[in-house]
Structure formats: C-alpha cells, structure tokens
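These notes are about the structure you will find just below.
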Amino acid sequence: MHKVYHRIEEIAGNVIMVKAAGVTYRELARVTWKNGDSLAQVIRMNGERVSLQVFAGGRGIPTDARVRFLGHSMQTAFSEALLGRVFTGSGEPRDRGPSISENMIPIGGPSVNPAKRIIPRNMVRTGIPMIDVFNTLVESQKLPIFSVAGEPYNPLLARIALQAEVDVIILGGMGLKHDEYLFFRDTLEEHGALSRSVLFIHTAADPTVECLMVPDICLAVAEQYALQNKRVLVLLTDMTNFADSMKEIAITMEQIPSNRGYPGDLYSQLAARYEKAVDFDSAGSITILAATTMPGDDVTHPVPDNTGYITEGQFYLRNNRIEPFGSLSRLKQLVNSKTRKDHRTIMNTMIQLYAGFKETLEKQAMGFRMSAWDEKLLKYGERFENELMSLSVNIPLEAALDLGWQILADCFEPAETGIPSALTEQFWPKDKKASAKE
Amino acid sequence: MSENIGKIVGVNGNLLTVEFSSPVIQNEVGYAHVKGEKLKSEVIRIRGSRAELQVFEDTTGLMVGDDVQFTGELLSVELGPGLLSQVYDGLQNPLPALAAEAGFFLKRGMYLQALDRAKKWAFTPAVKKGATVSPADALGTVPEGIFEHAIMVPFHLKGKLTVEEISAAGEYDVEKVIARLKDAEGQLVEVKMYQRWPVKIPIRQYAERLRPTEPLVTKVRIVDTFFPVARGGTYCIPGPFGAGKTVLQQITSRYADVDVVIIAACGERAGEVVETLREFPELTDPRTGKSLMERTLIICNTSSMPVAAREASVYTAVTIAEYYRQMGLHVLLLADSTSRWAQALREVSGRLEEIPGEEAFPAYLESVIASFYERGGIVRLNSGKNGSVTIGGTVSPAGGNFEEPVTQSTLKVVGAFHGLSRERSDARRYPAIDPLDSWSKYFSVVDEKDLEFARRVLREGSEVNQMMKVVGEEGTSIDDFQLYLKSEYLDAVYLQQDAYHEIDGATSAERQKYVFGVIAKIMRTKMSFADKEAARRFFQNLTQVTKDWNRQDMESEEFRALEERIEKMIAEVKEYA
Ligand SMILES: Nc1ncnc2c1ncn2[C@@H]1O[C@H](COP(=O)(O)OP(=O)(O)O)[C@@H](O)[C@H]1O
Ligand SMILES: [Mg+2]
C-alpha cells in the first residue's frame, strides 16, 4: 500500500525531488538503486513536488531510482537490548550484533512541559577541581565543552562519564574520527561501563545526513530510559559537525543564510536538542555533555555562540586546562550552597585573585616593576594553576576546598582576599606549616 | 456562519501554503487538520487565492490536500480574573492544566481554556441599573488574591452604554453574564466576567499618556542609582551569553516595586522558568505579606517550544499587562529574550522568501520592535487613576556584539540601556552592567550632584587604569592612583551586589540614598598615604569593612558599629589642609 515512485525529477547535493501524492511532512522513504539504498526524509512539499534529504547523500543516485514511502517519520528501537551496542546515525548496527526493530519510538518528539520539570538539585562529582569547586556540574544540566580541535575534549568527556554516578551512558558521535570512536568504545569497555552504554556513531567517513540524526536518536532513547527512572548521561561529540551538516542541507535547499552560511534557525535547532536535558518530577533525568569545537578558536563563531545562549554554561578547554574565565556552570548555585559553607567564597575569591594575577602577568610582560602586591599575585597564580587548574589533579571537592584555603593562606593576609571576616575566622588555616603537612 | 475551509498545497517547516475560495483575513487564526489533531496557525501573507500560514506547532504528518479551517478571528487572549499566578504558554494555554491532561510532554493540538471555568469569584457590583458607562469602566469587582480585580465594560465596545441589568453580589464563574448593556443603537450586549482581545492590537482605553517620571525601584543599586527605570518606562538589557541578563531579570521580578510582574520567557531555557515557578510560591512578597506568586504571571514559551508561538508570546504578555494597567495597577513586563522573538520573525521571513535585511532579519524588524515597546507607558485612565506598563527586555546579540540589528533597533526606542559586559562578568563583577557604557533618561533615587561626582570618579578612575597599563604603576602619580582606588572601591561596594545574599541582594531606595551619601562623602575626601602600597592596603581593608556593612540590616546595631568604623578609618587617612 505504500507508494512507490520510479522517477526522480531533481537531484542537488543530498536532496532529491520526486512528484508524489499522499505523502506526509517529514515522512521517511527508502530509496533503492542498482548499487545502493538509503533512507530519505521529506523536508519540503510544494504541490506534488516533494523534496527529500537522502541519508546516504545524493552521490551515485540515478534518476530512475526507486522511492518507496514508508508511512511514518524517523523512528528508533527502544529496548534493553540496546545496552552495550553500537549503531550508526540511522540506527543500523555498527558492531556485529543483530539489528533491533522491536518497540519503535518516534524521534524528535515534543518537548517536556515546563510545569513537569523540577529544579535540579544533585551535584555530579567529577574529581576535577575546576569543575567541582568553580563550576559545579549538576544532574540534568546541559553543558558543552568549548575547545579548538586538538584539545583533549573527548578524553575529558570520557573521564567525566566514568566518574559520574549515572545509570546509562549514551554516546552520540558526529563526524568522529574512527580512532576516536574506538577510544570511547575501548575506554568504556576497560572500565566495565560498556554494558550500561549505547553508542550511536557517525564517523567522518559516513554520509552527512546521518550525522543529523545522531542527537535526536540519542535523546529519544535517553528520554525512554529517563522515563523508566534512570539517570542518563548523554555525550554528544562534536556538535559543530552537526551544525555543519545542517548548514550543508540549508544551502542545498537555497535557504537564506543568516550568519556565515548557517541557517536562521540554527539557534532553534540546537535548542530543540539541548532542551531535552531534564530532571522529571517523578522519573529520572537526562544530563547532556557535548563537545563544541570552535573554528579558529573563535567563541563568537555562530556554533559556539548560539550554543552558549542555549546551554547552562560551558567548560572552556584551552592548553589542556579548563579555563576559569569563560567557563561557567549556570546551575552551580543550585547545589554549591549545600556542599560546604565556604564553597562559594572560595569559588569567588580564588577567581577574582586569579584575574588579578592575569593583570599582573600583563604588567610584567610590559616590563613594569612588580609591587609587593604583584609578587603575591604571581606566587598565587602559579600555585593555582599547578595545584587546582591542571587536568591531572583528581581530588574530591572537600580536599580541593581545603587546598584552596591553604594556597590563599600561603600567599595572602586574610584582609587582602576580601573574604568576609566571619569566614576567615573559621577557615583560615591557623598554622600554615602544620596544616600544610596534613 | 458557514465554515471557511482551505486546502494545503505546500509545507515548508512551519509554513503552510493554503488554497482558499472564500475571503480570508490577514492575521486570522486557522486550524490545520491532521489525523484528528487541529493545529493552530495564523495567516501571515495572502497572494491571490493562496494564503501562507505559520503554524504554532510541529508540522510533521501534514499532507498536501489536508483541510485548513479559517476562524475569522485574530489571535486573541482571554482577560478576566484568574490570570495572576498562572503559567501559560505563548498562546495562553495553562501549562499546569496541560500537564494534568497530557503528562510529561506537551501535546500538539491540545488547547485548553486560559481561565478556569469552574472557579467561582465573589462579585460585587459597582454600578446600578440605569447607569451610563463607557468601555473599560468597572461594572464590579472580584477579589483576586491581593487585588480587587475590576470587571470592566469590554474594550471593543464604543460610546456610551446604559446598564440594563447588573448581577447582585454573589459567587459566579467567569462565564456568568453579569451585566446587559444597551449601546447607542439600542443593541443589547451581554457582559461576562471575562473578555477577549486580539494580542497584536494595543488596548487604548485611557484619557492620556503621561511622561514616565516616577522611579520604579528595583533594589539593584547600580540600576536605581545610576541607570534608573521609571514606571511606564522601557529599558533593555543586551549582553553576551552568561553575562547575567536572566539573573538580573529574576532579581527584578522578585524585588521590583510594582503591583504585577509578568515574565515572558521567550525562547530561552525552560529550566530558568522552572526556578521561578517552583520558588515564587514559597517566597513572601514584602509589599503584601502574601506569596510572591500572587502578583506574578508567567508566559513561558521556551526555546524548544514551537517557534511561531514564541513570537506570539510577547504579545500575549503585553496584552495581559495592559489589561491590569486598566485597573490602575503598575505592571512590569520582563521579556527574556527579545532576540529570540526577532529570530522567530527571521525564520518566517526566510521561509516567505522576503528580501532579507542585515543578518537576514526582515526589513520591518525595527518598526516591529518599536511598536512593541510603544505599548509600555504610564497613562491616566478615564477613572482618573494612573496605571502603567513598564517593559524591560533582554537582548542576546550574536557574538555579544551590540552592533547588530536587534540591539540597535531596541536602543533607538527605549529609555534606559543596561549594557552587560563580558569583561565585568568574567571578573565576577555582578551585576555586570557596564557603568561607563550604560545610560538612562529617567530619574535616580539619589542626589544628582553626588551622582555626577561618582560618575566622574568612575570615568576618571578607569582612565587612570587604562593609563597604568601603558606607563605602569610607577609612572602614575599617587593622586591618580588614589582616584583609581576610589573608583575600584565604589565599584566593589556599591555597583557590585551579591544577588544571593539576603540583605545585600535587595537595597531599598531609602538605604541607597543613605549609603550612597556616605560613599559620596568618602569619594570627595582627599586622603594622604605614605605610598601606593599603603593606599592599596587601606582600600582593601575599607572595601572589606564596607562589604560587611552591606550585609547588615540597616536597623541593626552592627550596621551602626560598622559605619562608625568606616568613619574612623577615613578620619585616619584624611588629608588636613
Ligand atoms: N548578579 C549576579 N550575582 C552572582 N552571579 C551572577 C549574577 N548574574 C549572573 N551571575 C552568574 O552568571 C551566570 C549566568 O547568568 P545569566 O543571567 O543566566 O546570564 P545570561 O542570561 O546573560 O546568559 C549565572 O548562572 C550566575 O552564575
Ligand atoms: Mg539568559
């Protein structure tokens, strides 16, 4: 009963056009020809002219390919059997396992009713002071890592995933290099986490349109787990590749670009995915960590820029460190009042002083004489960078706070820090030497 | 009236092309029928026998040939008791009720009545049979939380009307006809406890518009003292992401000295609305002693909700604001973010293939923004009372660069500009309003002369700072250095404010006047120091004591003690000529 057509009227880029009737918006079709086949999705209808984006791309498609409409839009399977498995962007097995087609669910479904959300309240511990102390990660947060290509954002994602106490990990790879994919798979396996993970991987060698499906598939599956009371962590890497795929389609469709070739709805498209992060009021949660590479290390590039407006902060990865400036967890204040009384003060004070250190460095570079205050800042900055900022540090929050006080006490007088007197009285290390040894 | 049905001939994202045969109206509402669902849409362009409609929903599953039913009505909202403390989407669907019906997820095509039809309100008539009334006159009142909510003669009526019938005092639901009025032509009009009004048309039932002169106290020092907002004024908060736009609006929504606050969460994060939604019912409003939620209304059309409804949401919000203004109330509308609404316009404009302007925004962007802010204002109502709508909108400029169409169009029409700077937010100097770039045309709560002086200190202090970057501290005179330290001090203890501190977080106008007086005096005091190191150390200490002072209740013993300590410290460094 599904309609089949044998004549393609137009082919441009990854988009084909057929004349068809009775087709619904966003319906899927299977396109088959002598040397291949692919899924395709309806993206525009104008009278009988129906445009479809072909997942495998337009290359090699003959005008007499067979186009069979499937009567539904994009779906994915959902079952326990997904765990431990690896799939492509269109949900086909990528490992040697069987394909799964039970319990098909639509992807890209409606958003959560804001009235059914709750205020996030659980800290996610990472053992990384730049996160735990300064920009605390919170369950159900959506947060990207901004970095230039070449920074270790994928190892950082993997490290957080392994350290976080979550029930299910879903990895969405977009334009991944093959060895990056293997890195994730092997790391999860080594730490015994693969059996609670599902991987949807699009590699740089795969067709562009498949890349577009990855976030939606990952999040649809994540949503199902969350509804079953599971805490789900979704890793999406690299969202800039996702945005670039959208750009490619938009240009093929001759849409008017808004900014550097990206479509005007880039913000809405990214938001539709990131807003799937949620803490349900009587079920589980979805936390989203993404990688967003910044072309030319430019944070005003449309992809990081629009992302920053959507996500609940960002971690800036530069020179192997999470930068305190530019990095932000917008949800931190929901949890950092409940950790330890001095948490917020250490967080604010140490950053303000670090800003002072940066200014002093500039002065130093200009060849100005260093005042006594500058000398203190220089000493402080170096210790801060080595003992707290370095990604090699792996200590619990409480130890990091104690270390913070120690560094302050070793470098400054209490009044110089601007910390309220009540707190310095309680937390300022009384005997520097003694506490340093502890 | 016979049904006016058209047929879908094209679908492109949320834009439908529909072939029609009976007349259609520009901006009328239509419903696209798809497999048992009806999707609300609005006519946005008509060419020949084809209309283009933007759908307020996801369009998956629509088919060429599907029906579209035209309603003949413009997009409207319900106005009546029960709006306050509600949470609506951009089309005025009550979200909690929707959740009760549909569960965790929003359900396409499900539209619920904005006002609860079952709830009874205690009506007291204000007019007698035979009285002559005009549109917007109160026919009676019902208590709505903290207010007497006026049931008014519908705004769309014209001229003088005679009250033929008016209900006695009693408990009625909103559908109850509480009055019958006779118009000049002798037609009888039934009046219920609610009326409908098209959102894109301003309500203009007032005697005159006044100049906004009364300050609207937000309890944010840098705002009320340096860049004030007036009741009935308009202002904007542009800033890069993470600079503090939303937090600033959240604080304002809590503390602002107004009767009603309407929050339009327009195309940004749902989570931020949830904070308000969950916290406000627990917080007490110091003005009324009741829950803060009772004076608040949220229009929530966050970023993953349908884009076209995002555009509608700011109009829904401002229409409800105007409605409460008609009762002689002061209403504050906070929209976060107006850029998302502008982007919604851009998306539709792109699909309509209109000739794009700068950054692909439509050419009419500027006039759309101007006419939106024009709906703010303070008015003298026909009753003689004053009512106001103050509008504060955030702007989210691409790349944080204010030289972009939405920021620039907004700056042309607003009365105050609170520009947030990345530099200040990176340095954790909150609220990150740039004290040198921002401006306001309204009146401050503090003494104008002190204020002028303080502005000069900030400006000159910043110049010294710039200079020091070139010539170094050693190349700076001790007097200049002192000026710089004073500007930093003013910044640290007055411009910066700890939003999360119970006392420091909200500074009353009275306290601002007082504290600013003390600080202005310090600014004017000539001090002498042995060297720069001593000066720096002095100001570090002074800053700390003053910050402690900010954290004390103004009536407390500690407040007085710390003030004395500050005075003593100043006396010790004061230069005696
Ligand atoms: N007044 C403030 N006091 C303390 N922290 C603030 C303040 N304003 C903003 N912040 C910090 O900055 C973050 C981002 O602020 P937000 O208002 O969400 O930015 P924007 O809306 O401009 O993107 C907040 O989560 C908070 O950590
Ligand atoms: Mg914001």
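Comparing the full protein assembly with the isolated chain (1.4 Å probe, heavy atoms, ligands and nucleic acids excluded), the residues of segment A:22-67 losing at least 20 square angstrom of accessible area are A:G22, A:T24, A:Y25, A:R26, A:R44, A:M45, A:G47. Nearest 10 degrees is fine. How inclined is helix B:557-573 to the longest principal axis of chain B, computing both from alpha carbons? Helix B:557-573 sits roughly 50 degrees off the main axis of chain B. Each stretch of four or more DSSP H residues adds -39500 (n - 2.57); spread over every residue of chain A, this sum gives -10500 deg cm²/dmol at 222 nm. The distance from the alpha carbon centre of segment B:393-469 to that of segment A:174-250 is 42 Å, rounded to a whole number.
What accessible area, summed over both chains, is buried at the B-A interface (1.4 Å probe, Å², nearest 100)?
6400
Counting lysine pairs in segment B:448-573 whose alpha carbons fall under 13 angstrom apart, excluding pairs fewer than 8 residues apart on the same chain, gives 6. Applying 1/(1 + (r/R0)^6) with R0 = 41 Å to the Cβ-Cβ distance of B:L210 and B:D553, what FRET efficiency is obtained, to the nearest 0.05? Efficiency for this residue pair is about 0.65.
With the simple model of a label 7 Å out from the Cα in the direction of the Cβ, B:V189 to B:L451 spans 4.3 nm. Relative contact order for segment A:249-348: 16 percent, from Cα pairs under 8 Å spaced at least 6 residues apart, divided by residue count. In straight-distance terms, cross-link reach from B:K7 covers every one of the lysines whose alpha-carbon lies under 18 Å from its own, apart from those fewer than eight places away in the same chain; here that gives B:K35, B:K38, B:K40. Between the helical axis of B:245-255 and the longest alpha-carbon principal axis of chain B there is an angle of about 90 degrees.
Please tell me the relative contact order of chain A in percent, rounded to the nearest whole number, where contacts are Cα pairs under 8 Å and at least six residues apart. Could you put the intermediate results ahead of the total?
On the way: 855 pairs, mean separation 71.6, N = 438.
Contact order relative to length: 16 percent.
Against the main long axis of the alpha-carbon atoms of chain A, helix A:239-252 sits at an angle near 40°.
By definition, a body whose alpha carbon gyration tensor gives a ≥ b ≥ c is prolate when a/c is 1.5 or more and a/b is larger than b/c, and segment A:329-438 fits this prolate description.
Peptide B:232-241 has a mean shielding of 2, counted as Cβ atoms of other protein chains within 10 Å of each residue's Cβ. A 1.4 Å probe run over segment B:382-448, with the rest of the protein chains in place, finds 38 Å² accessible per residue. Counting only lysines at least 8 places from B:K412 when in the same chain, those with an alpha carbon closer than 18 Å to its own are B:K441. Once the 1.4 Å probe is applied to the protein heavy atoms, segment A:3-140 comes out at 40 Å² accessible per residue. Ligands, DNA and RNA left out, the accessible area of the protein assembly as shown computed with a 1.4 Å probe is 49% carbon and sulfur.
Listed by chain and number, the aspartates and glutamates placed with their C-alpha closer than 13 angstrom to that of B:K219 are B:D257, B:D498, B:E502, B:D504, B:E510; residues fewer than eight positions away on the same chain are left out.
Given segment A:76-333, what count of lysine pairs have C-alpha atoms under 15 Å apart, with each pair 8 or more places apart or on different chains? Lysine pairs satisfying the spacing and distance rule in segment A:76-333 number 4.
The values are calculated or read from the model by the stated rules, or taken from the named source; none is laboratory data. These figures come from a predicted structure and were not determined experimentally. No Cβ is skipped: glycine too gets one built from the backbone with ideal geometry, and neighbour counts run over all protein chains shown. Areas reflect the complete protein model, heavy atoms only, side chains present, ligands, DNA and RNA absent. Shrake-Rupley method; radii C 1.70, N 1.55, O 1.52, S 1.80 Å.
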